[in-house]
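The values are calculated or read from the model by the stated rules, or taken from the named source; none is laboratory data. Note that this is a predicted model, so its numbers are computed, not measured. Cβ placement follows ideal geometry from the backbone for every residue including glycine, while neighbour counts extend to all protein chains displayed. Just the protein is used for accessible areas: all its heavy atoms, side chains included, with ligands, DNA and RNA removed. Shrake-Rupley method; radii C 1.70, N 1.55, O 1.52, S 1.80 Å.
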Amino acid sequence: GPVSQWRFMFQYWSPVCNPTQDDPNYIQFYGSTLRANADPSDFVLLQLNHMPDPNSGINYLGWDRTVNAASSGATVHHPMCDVMKISTFNSAPQRQDNYLFVNGKKPAGSLHWIVSWNNGVTEHGSSGAPLLNQSKKIVGQLSGGPSYCNAPAGLMKDAFGRFDNSW
């Protein structure tokens, strides 16, 4: 549906690690306005129609438009719309145009960072998650990829639209 009717959830995480549980104490907002988009990097920037209360505990991320690959980092995401998960990488992402994964699939857009995970993966529903560099700044947004839990090594990768092309 239109972004003016989308729902946004914050602080949606599990109070325990194993098994994960849906924490009912999340904060949600409805509605946003489109501010920018870029197809080559599979990017959309939305502004919430209502600002979070300054005392809500919601944290904000900065960004970095560098063309240099991060040395390490993470993504914070919601696989299959589940509670928050964090996946990490400890080797520099590849700066790629029109990347083709080993399974023959191509991510949306054409300008990506290709990340090889060393801990965790992403799954459907994680799209749009921020790629954070070693300074915890956004350098990309999840476009897609073949990774999934217990995937073979060749599929433990994902493509993130490069933020320097997005914004």
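Details
- Qualifying residues in the stretch 141-167 (those that are among the small types (Gly, Ala, Ser) and on the phi > 0 side of the Ramachandran plot) - the one farthest from the chain's Cα centre (by Cα): GLY145
- When ASN55 is tested against the conditions (1) part of a loop (DSSP other than H, G, I, E, B); (2) out of contact with any Phe, Trp or Tyr (no Cβ under 8 Å at 6 or more places or on another chain); (3) within 17 Å of ILE138 (Cβ to Cβ), the lone failure is (3).
- Which listed residue is touching a Cys at 6+ places or on another chain (Cβ under 9 Å) and open to solvent by less than 30 Å² (accessible area, probe 1.4 Å), from VAL83, VAL115, VAL121: VAL121
- Selection of first residues in the stretch 152-164 that are in a loop (DSSP other than H, G, I, E, B) and of second residues that are at pLDDT 95 or above and surrounded by fewer than 18 Cβ atoms within 10 Å (Cβ to Cβ), restricted to Cβ pairs under 7 Å at least 6 apart or on distinct chains, gives the following pairs, ordered by first then second residue: MET156/SER116.
- Looking across LYS106, LYS136, one residue alone is surrounded by fewer than 16 Cβ atoms within 10 Å (Cβ to Cβ), assigned to a loop (DSSP other than H, G, I, E, B), modelled with pLDDT of 95 or more and charged (D, E, K, R). It is LYS136.
- Looking only at the stretch 78-120, residues that are without any contact (Cβ under 8 Å) to a residue 24 or more places away in the chain and aliphatic (A, V, I, L, M) come to 2 in all.
- Among the conditions (1) within 23 Å of GLN5 (Cβ to Cβ); (2) at pLDDT 95 or above; (3) surrounded by 12 or more Cβ atoms within 10 Å (Cβ to Cβ), ILE58 misses just one, which is (2).
- Hey, TYR60 out of contact with any Gly (no Cβ under 7 Å at 6 or more places or on another chain), closer than 12 Å to SER143 by Cβ and hydroxyl-bearing (Ser, Thr, Tyr) or not: no
- Pair list, Cβ under 6 Å, 6 or more apart: the stretch 65-77 residue farther than 16 Å from HIS112 by Cβ and of a type in the set (Gly, Ala, Ser), other residue modelled with pLDDT under 95 and in a strand (DSSP E or B): ALA74/ILE86
- Residues of the stretch 86-103 that are of a type in the set (Ser, Thr, Tyr) and open to solvent by 50 Å² or more (accessible area, probe 1.4 Å): SER91 alone.
- Any chance GLY128 is touching an Asp or Glu at 6+ places or on another chain (Cβ under 9 Å), closer than 20 Å to PHE43 by Cβ, surrounded by fewer than 18 Cβ atoms within 10 Å (Cβ to Cβ) and not aliphatic (A, V, I, L, M): yes
- Of all residues making up the stretch 77-103, the number that are assigned to a loop (DSSP other than H, G, I, E, B) and among the charged types (D, E, K, R): 1
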